[in-house]
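Okay, handing you the structure first.
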């Protein structure tokens, strides 16, 4: 088995782009904000979505690993997408935070690029993330 880095990069960029457009973008907010249950959990988890997106992209021909069987190549694309989707999405979010456009109402505040948290668990996770960033000296 061999790894094709170009295909791996393509897998990461495509799976992240599709996940962001479907599950995080403002334009699709009316769709993903209403998702409940298993579908809601799937959309909130880039690794979970990465699995299914990786399988789909693998079936369409994005196969980073050359294996003896086609089904194995597709399964390995799904497994790799579990890892690369959240990593590439984290880099993308960091870039969006640094390039956020100032709100028209106030030059001091930045436009939020993510949706409001859907649960107390997410609020607690954001608070813990903020405290960690403060300890490390990183800006929001």
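The values are calculated or read from the model by the stated rules, or taken from the named source; none is laboratory data. Keep in mind that what you see is a predicted model, and the values were worked out from it rather than measured. Neighbour counts run over all protein chains shown; Cβ positions are idealised from the backbone, glycine included.
So, in the range 14-34, exactly how many residues are under 15 Å from residue 96 (Cβ atoms) and either in a helix (DSSP H, G or I) or in contact with a strand residue (DSSP E or B) (Cβ under 9 Å, 6 or more places away or on another chain) (or both)?
Total meeting the criteria: 6.
Could you please let me know if residue 86 is modelled with pLDDT of 90 or more, in a loop (DSSP other than H, G, I, E, B) and either within 12 Å of the chain's Cα centre (by Cα) or in the same structural domain as residue 46 (by TED's automatic domain parsing) (or both)?
no
Quick check on this structure: which one of 58, 40 is under 17 Å from the mean Cα position of the chain (by Cα), surrounded by 12 or more Cβ atoms within 10 Å (Cβ to Cβ) and either modelled with pLDDT under 90 or part of a helix (DSSP H, G or I) (or both)?
None of the other options fit; the residue is 40.
Might you check whether a residue that is surrounded by fewer than 19 Cβ atoms within 10 Å (Cβ to Cβ), touching a helix residue (DSSP H, G or I) at 6+ places or on another chain (Cβ under 9 Å), at pLDDT below 90 and under 19 Å from residue 92 (Cα atoms) occurs anywhere in the range 3-17?
no
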